[in-house]
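Here's the structure we're looking at; comments come further down.
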Amino acid sequence: MNPESKTGRHLILKRILVPLDESEYSRAALEAAAQLASALDAEISGLYVEDTDLIDFCRFPFAREIGIYRSRRLDPAEIERDFRTQAERIRKTMALIAKHADIPWNFTVRRGRVISEVLDQTDSADLTVIGRTGRSLLGTSAGSTVRHLIEEGKSMTLILGRGARMVEPVFTVYTGSNLSARALGVAADLARAMGWDTEILIPAKDDKDYQALRDQVLSAAEETPGAEGIHLRFRRIRKDAPSGLAAVLQPEYRRPLVLPVDAMDRDPEAILDLINRVHNPILLVR
Amino acid sequence: MAPERLNADAVYHACDIQRFSFNTTADIDPLEELSEALAQPRAVESLKFGTGMQRQGFNIFALGPPGTGRHSMVRQTLDKKARQSHVPSEWCYVNNFQDQSRPRALEFPAGQGRNFADDMKKTILEARNALKASFESEEYQNRLQAVQQEFKDQQQKAFEEINNKAKEKGLSLVRTPNGIAFAPLKEDGEVMPPDEYQRLPEEKRSEIEKKIEEIQEESQEVFKKIPRWQKEIREKIQELNNEVAKYAISPLIDELRKNYGRNQETSDHLDAVENDILENLQTFMTGGQQAQQAGGPMAQMQQQQQPGFVSGDETDMDSPAIRRYKVNLLVDNTDQQGAPVIYEDNPTYANLVGKVEHMSQMGALITDFNLIKPGSLHRANGGSLILDARKVLTQPGAWEGLKRVLKSGQIKIESLAEMFSLLSTVTLEPEPIDLDVKVVMVGSPFIYYMLQYYDPEFTDLFKVAADFDVQMNRSEDSQDMYARLLRTIIDREGIRHFDRQAVGRMIEHSSRIVGDAERMSTRIKEMSDLMSEADYWAAQNGNTSVTAPDLEKAVEFRIYRSDRMRQRIQEEIERGTLMIDTAGASAGQINGLAVLGLGDFMFGRPNRITARIQAGKGEVIDIEREAKLSGPLHSKGVLILSGFLGARYAPDRPLSLKASLVFEQSYGGIEGDSASSAELYALISAISNAPLKQSFAVTGSVNQFGQIQAIGGVNEKIEGFFDVCSRKGLTGEQGVLIPEANVKHLMLRRDVVEAVDREQFHIYPVSTVDQGLELLTGLPAGQPGEDGNYPENTVNGMVQKKLAAMAENMRQFSQGSEQGGQSES
């Protein structure tokens, strides 16, 4: 499949990192990670970060939490307790989901600044799965952790939108670049593992351009061992990413997209724009 | 004039087998209906009337002794009626969604109840699949997302406003575990560290704190709105869920409505099912398993906004959430032909009216409408129910329960245990079911009359009595029919056929059973048993069909098995322990005859009766009564004697006699008046001093005019005295005096008949006391002259003379006493 590397798998997952809080997106990330781990024989690692910024914040004389049910003076000891309680609840949820998917799992609680702790852990994981937004009250736009992961992350990152189970086909974007060829390999591996079809989105200015890229994919598929069983579909899309991609993805929010970042010119803002426009799970291939 | 002795033909009315056209019962047809042969027109007509009468309370009580074919005839009559009737409705119990403790009853035409139950089951399973598909559809998910987004947008807008205001005030919004907080910003836009804040001048800090306080208050106001928004969003999601679910399940329920909704109750139930599914979507789809909740309050809130359905076992119709929609088909008449005829062999309260069972769940006893079990009244509804009266009356609560049901015309299931407060657990009050049943209770006359006497409700509920007789007339036609009855029994029992002689002998024995030569027994059970025994002896004798000797053997062996006591009595008489004379003559002494019953075996035995007299005031003392050994009928018989004596011999002067009568060597009780004629003969003999022949035994009751009246057990009594005479030696003088009215009852044993034929033993039919006296004394009884006096040398004359002498003695004795008394005073 990969025009450059014609043998071997592109999606070899041993450890999937899932940074967790108590948001619905976080739970969706956990379920998606479990779905992948189950199909790809991987282990999921939950990560909960006790935010030291918040503990620092308690030192303000006016530090006060306004909540739905009550308003309270923020007390470091109380925050510590909240951290422990939340971590335990998240651990139980994770245990339940992992048991249901019958996969190995572990759960780590770290202390520090959320962004740096998550980034630190992504280096040792094959894939990081994260909800698009955390416990933000300011809407469903990508949260700050996701933003940092897009900007600074080095490994593959799967960003989850709405919490629904992923369904086929797997989308990917093929531009003819090496990275898009690798993304195609990842998408094919994912499709094979899940028993899904693959739909290749080709941004092309005209039919000739589209056919050429399509032929590249087909000839690569012929030469790739094990690719016979994969059913490939093609679709031509507009070249004005991310709008062109969003137009295709929006109606089919449960289908995952394997996105080579160069399809977005490696522009974090463009990637964030796409993430904010659609609800599809987006797997960033760098 | 003394009566003539009876010849052999008169003491045994043999069956004329020459008129039978068959050789064995194999040549004749069995009966189609028992009532043809049993000739019970009263009972049969009553049954027909009772089954045809459709008004309330016209239930039937079939009364008669056991073994008279009551059950068979009741069954046949009811079956015949049932075949002409239509198959009744079926009843189901379904959940009452308004009040689960009161399940609803639904009525369906025959065959439709089962279909409804099956279709409902399929519909429920299909509804779960349809709902699952609907809630997984993209359309639903998009609409749900849109609704949720609305809430999020609302929330986002509010917090963006706060965020903007905070920024305007130089503050930053910080997310905390359960809400938000505010912190001051540095000039570069980063959150100011606490240490840096502390280094700010006092005035600046106060300013920041004031701003923070203001924004906190504003935030508080926004947070207060969130629960209302959440409520609104929940309602919208519920509305969406209902709309989608209704769209999914309505076509399925409509299909049921189309097929079964003509009945208003069923239509209402289907509406209730649809509404209940819509109201309990989560439970319905998960089969009662709760979706696992995880996360904090915010996460839970978010989960509540989604259906979050976990699919349960789709085939598990017994899960609590699905059971409520099932249909408990109480009575299934799909394969029923005509109306049902049910015989309840064990009529306990629960078996009659049904019950509500319980099952154990987590250590507690629970129940629901699926555990309602029908009783025989449910199964018989629209038809007939046959019950044994004795069994109903001996089962706790059964009779009262049956009456309550028949009175109300409805079957209401109530637990006995609950009624008596023996059970303290959740139970149900199922909706009563309309009852249209004909109850036929089969019982003995004793039970019938007891119920009639003691239970005022009985006559209101069982207005038709079908009275079964134990006997039927014996005529030539009925004997032919009886032969066919025997054939029916032979077929039923699977025994050998009877030859012509055996059939004749069976008819004769049947007459003997009822003690009447002009009637035959209708006790089918007893006959059937005897025929089976005869079959056994036929087998022992190597006969292919049952012959008369086989039957004789069966009868004899049956008696032999039971007659140990009779044998002992006969032996003791022979040995002189029990004093009975069968020869000679004695005054004031006579052989009376009694019948002893041991279970179903009866036999006669002679008893010596003696009378002694002395002067007195007209008393006849019954020593048995004085010793409290006699029953009221016996006492009555003795009292009649005084009336007879006084009226015949001393109409115009006091009866100056004191007589005592006793059954010698009688140590048990005596009942009945059949010995009253014997007592009278003994008394007259004692008065007249005319000896009575001891070669005779006497039976018969007497009235105040000296007429001899019929008694029971005449055959057994004659045979009892015959056996004693046989043992002591037949002299040709011995015999028995019986009431003339009893001649038609004579069906004597073969050896007795032979002795009569050889004139070794005599049976005299007697209609008056005078006839008896002449036979017993050998003297003329005597007729009164115009002056009312009897001639001398007649028995009556001797009695009259003796009584006159005693009266005179008494008069003189009384005068002497009075004079003596006066002189002394």
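The values are calculated or read from the model by the stated rules, or taken from the named source; none is laboratory data. On a predicted model such as this, the values are computed, not experimentally measured, just so you know. Please note: Cβ atoms are built from the backbone with ideal geometry, for glycine as well, and neighbour counts cover all protein chains shown.
With respect to residue A:80, determine if the residue is modelled with pLDDT of 85 or more and more than 28 Å from residue B:225 (Cα to Cα).
Values: modelled with pLDDT of 85 or more: yes; more than 28 Å from residue B:225 (Cα to Cα): yes.
Spelling it out, residue A:80 is indeed modelled with pLDDT of 85 or more and more than 28 Å from residue B:225 (Cα to Cα).
Test of understanding: among A:239, A:208, A:154, which residue is farther than 28 Å from residue A:24 by Cα, assigned to a loop (DSSP other than H, G, I, E, B) and not small (Gly, Ala, Ser)?
On the way: A:208 fails: assigned to a loop (DSSP other than H, G, I, E, B); A:154 fails: farther than 28 Å from residue A:24 by Cα.
The conditions single out A:239.
From (1) in contact with a helix residue (DSSP H, G or I) (Cβ under 8 Å, 6 or more places away or on another chain); (2) among the charged types (D, E, K, R); (3) surrounded by fewer than 21 Cβ atoms within 10 Å (Cβ to Cβ); (4) not in a loop (DSSP other than H, G, I, E, B), pick out the condition that doesn't hold for residue A:27.
Here residue A:27 meets the rest and fails (3).
If a residue must be surrounded by fewer than 20 Cβ atoms within 10 Å (Cβ to Cβ) and part of a loop (DSSP other than H, G, I, E, B), how many such residues does the range A:176-203 contain?
4
Looking for whichever is more than 26 Å from residue B:694 (Cα to Cα) and surrounded by fewer than 16 Cβ atoms within 10 Å (Cβ to Cβ) here; the options are B:616, B:597, B:643, B:584. Which one fits? Full working, then the answer.
On the way: B:616 fails: surrounded by fewer than 16 Cβ atoms within 10 Å (Cβ to Cβ); B:597 fails: more than 26 Å from residue B:694 (Cα to Cα); B:584 fails: more than 26 Å from residue B:694 (Cα to Cα).
Checking each option against the conditions leaves just B:643.
Hey, residue B:603 hits all of (1) assigned to a helix (DSSP H, G or I); (2) buried (at least 22 other Cβ atoms within 10 Å of the Cβ); (3) aromatic (Phe, Trp, Tyr) but one; which does it fall short on?
(1)
Of everything in the range B:705-764, what is of a type outside the set (Lys, Arg), under 18 Å from residue B:601 (Cα atoms) and out of contact with any helix residue (DSSP H, G or I) (no Cβ under 7 Å at 6 or more places or on another chain)? Give them in sequence order.
B:712, B:713, B:716, B:720, B:721
Considering only strands (runs of 3 or more DSSP E) fully contained in the range A:38-77, which possess at least 2 residues that are in contact with a helix residue (DSSP H, G or I) (Cβ under 9 Å, 6 or more places away or on another chain), crowded, with 16+ Cβ neighbours inside 10 Å and touching a residue at least 60 places away in the same chain (Cβ under 8 Å)?
Working: elements: A:43-51, A:64-67, A:71-73.
Those strands (runs of 3 or more DSSP E) span A:43-51.
Considering only residues that are among the charged types (D, E, K, R) and either in a strand (DSSP E or B) or surrounded by fewer than 16 Cβ atoms within 10 Å (Cβ to Cβ) (or both), which ones fall in the range B:89-125? Walk me through how you get there before you give the answer.
Our first condition is that a residue be among the charged types (D, E, K, R); within the range B:89-125, this holds for B:90, B:99, B:102, B:104, B:107, B:114, B:118-119, B:121-122.
Those that are among the charged types (D, E, K, R) and either in a strand (DSSP E or B) or surrounded by fewer than 16 Cβ atoms within 10 Å (Cβ to Cβ) (or both): B:90, B:99, B:102, B:104, B:107, B:118, B:121, B:122.
Scan the range B:603-617 for residues that are over 16 Å from residue B:682 (Cα atoms) and under 43 Å from the mean Cα position of the chain (by Cα) and jot them down. Please lay out each step first, then the result.
Restricting attention to the range B:603-617, the residues satisfying the condition of being over 16 Å from residue B:682 (Cα atoms) are B:603-605, B:615-617.
Correct list: B:603, B:604, B:605.
Look through B:799, B:736 and report the one residue that is at pLDDT 95 or above and surrounded by 14 or more Cβ atoms within 10 Å (Cβ to Cβ). Full working, then the answer.
On the way: B:799 fails: at pLDDT 95 or above.
Selected residue: B:736, the only one of B:799, B:736 that is at pLDDT 95 or above and surrounded by 14 or more Cβ atoms within 10 Å (Cβ to Cβ).
One line per residue, one yes/no per condition, for (1) outside any strand (DSSP E or B); (2) of a type outside the set (Phe, Trp, Tyr); (3) under 30 Å from residue B:759 (Cβ atoms); (4) touching a residue at least 60 places away in the same chain (Cβ under 8 Å):
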| site | (1), (2), (3), (4) |
| --- | --- |
| B:634 | yes, yes, no, no |
| B:646 | yes, yes, no, no |
| B:659 | no, yes, no, no |
| B:665 | yes, yes, no, yes |
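Find all pairs meeting these conditions: Cβ atoms under 8 angstrom apart; at least six residues apart or on different chains; first residue within the range B:183-207 and closer than 24 Å to residue A:66 by Cα; second residue among the hydroxyl-bearing types (Ser, Thr, Tyr) and assigned to a helix (DSSP H, G or I).
Between residues of the range B:183-207 that are closer than 24 Å to residue A:66 by Cα and residues that are among the hydroxyl-bearing types (Ser, Thr, Tyr) and assigned to a helix (DSSP H, G or I), the close pairs are B:184/B:197; B:205/B:197.
Scan the range A:4-19 and give yes if some residue there is within 13 Å of another protein chain (Cβ to nearest Cβ) and in contact (Cβ under 8 Å) with a residue 12 or more places away in the chain, otherwise no. If you could, list the steps in order and put the result at the bottom.
Here is the first cut: in the range A:4-19, the ones within 13 Å of another protein chain (Cβ to nearest Cβ) are none.
No, every residue in the range A:4-19 fails to be within 13 Å of another protein chain (Cβ to nearest Cβ) and in contact (Cβ under 8 Å) with a residue 12 or more places away in the chain.
Which residue, of B:436, B:491, B:469, B:460, is in a loop (DSSP other than H, G, I, E, B) and at pLDDT 90 or above? Before you say what the answer is, go through the steps one by one.
Values: B:491 fails: in a loop (DSSP other than H, G, I, E, B); B:469 fails: at pLDDT 90 or above; B:460 fails: in a loop (DSSP other than H, G, I, E, B).
Sole residue among the options that is in a loop (DSSP other than H, G, I, E, B) and at pLDDT 90 or above: B:436.
From the set of residues in the range A:268-286 that are within 14 Å of chain B (Cβ to nearest Cβ) and of a type outside the set (S, T, N, Q), which is surrounded by the most Cβ atoms within 10 Å (Cβ to Cβ)? Working first, answer last.
Narrowing the range A:268-286 to residues within 14 Å of chain B (Cβ to nearest Cβ): A:276-280.
Restricting the remaining residues to those that are of a type outside the set (S, T, N, Q) gives A:277-279.
On the way: A:277: 16, A:278: 23, A:279: 20.
Looking at residues that are within 14 Å of chain B (Cβ to nearest Cβ) and of a type outside the set (S, T, N, Q), I get A:278.
State which residue is farthest from residue B:721 (Cα to Cα) when the search covers only the range B:581-602 and only residues that are of a type in the set (A, V, I, L, M) and under 49 Å from the mean Cα position of the chain (by Cα). Show your work before the answer.
In the first step, residues of the range B:581-602 are kept if they are of a type in the set (A, V, I, L, M); the result is B:583, B:585, B:587, B:590, B:593-596, B:598, B:602.
Applying the additional criterion that residues be under 49 Å from the mean Cα position of the chain (by Cα) yields B:593-596, B:598, B:602.
Working: B:593: 8, B:594: 10, B:595: 11, B:596: 13, B:598: 18, B:602: 14 Å.
Per the stated criteria, the residue is B:598.
Limited to the range A:97-118, what total is found for residues that are within 12 Å of chain B (Cβ to nearest Cβ) and in contact with a Phe, Trp or Tyr (Cβ under 9 Å, 6 or more places away or on another chain)?
Count: 2.
Do we find a residue being of a type in the set (A, V, I, L, M), buried (at least 20 other Cβ atoms within 10 Å of the Cβ), more than 22 Å from the chain's Cα centre (by Cα) and within 9 Å of another protein chain (Cβ to nearest Cβ) anywhere in the range A:82-96?
No, the range A:82-96 has no match at all.
Identify all residues within the range A:68-78 that are out of contact with any Cys (no Cβ under 6 Å at 6 or more places or on another chain), closer than 22 Å to residue B:208 by Cβ and within 7 Å of chain B (Cβ to nearest Cβ); write none if there are none.
Quick first cut of the range A:68-78, residues out of contact with any Cys (no Cβ under 6 Å at 6 or more places or on another chain) only: A:68-73, A:75, A:77-78.
Those left that are additionally closer than 22 Å to residue B:208 by Cβ: A:71-73, A:75.
The one that is out of contact with any Cys (no Cβ under 6 Å at 6 or more places or on another chain), closer than 22 Å to residue B:208 by Cβ and within 7 Å of chain B (Cβ to nearest Cβ): A:71.
Name the strands (runs of 3 or more DSSP E) wholly within the range B:356-402 that hold at least 2 residues that are surrounded by fewer than 19 Cβ atoms within 10 Å (Cβ to Cβ)? Steps first, answer last, please.
Values: elements: B:359-361, B:364-366, B:384-388.
The strands (runs of 3 or more DSSP E) meeting that bar are B:359-361, B:364-366.
Each row is one residue, and each column tells you yes or no for (1) on the phi < 0 side of the Ramachandran plot; (2) loosely packed, with under 15 Cβ neighbours inside 10 Å; (3) at pLDDT 90 or above.
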site	(1), (2), (3)
B:225	yes, yes, no
B:230	yes, no, no
B:257	yes, no, yes
B:270	yes, no, yes
B:274	yes, no, yes
B:282	yes, no, no
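Can you run down the residue pairs with Cβ atoms below 7 Å, 6 or more apart or on separate chains, where the first is in the range B:402-420 and without any contact (Cβ under 8 Å) to a residue 24 or more places away in the chain and the partner is among the hydroxyl-bearing types (Ser, Thr, Tyr) and surrounded by 16 or more Cβ atoms within 10 Å (Cβ to Cβ)?
Cβ pairs passing all conditions: B:418/B:427.
Taking only the range B:161-217 into account, find how many residues are facing chain A (nearest Cβ under 10 Å) and in a helix (DSSP H, G or I).
The total comes to 16.
Pick out the one residue from B:61, B:22 that is under 16 Å from residue B:483 (Cβ atoms), surrounded by 14 or more Cβ atoms within 10 Å (Cβ to Cβ) and modelled with pLDDT of 90 or more. Full working, then the answer.
Numbers: B:61 fails: under 16 Å from residue B:483 (Cβ atoms).
One residue alone meets the criteria, B:22.
Could we say that residue B:62 is aliphatic (A, V, I, L, M) and within 19 Å of residue B:521 (Cβ to Cβ) here? Let's see the steps before the verdict.
Values: aliphatic (A, V, I, L, M): yes; within 19 Å of residue B:521 (Cβ to Cβ): yes.
Yes.
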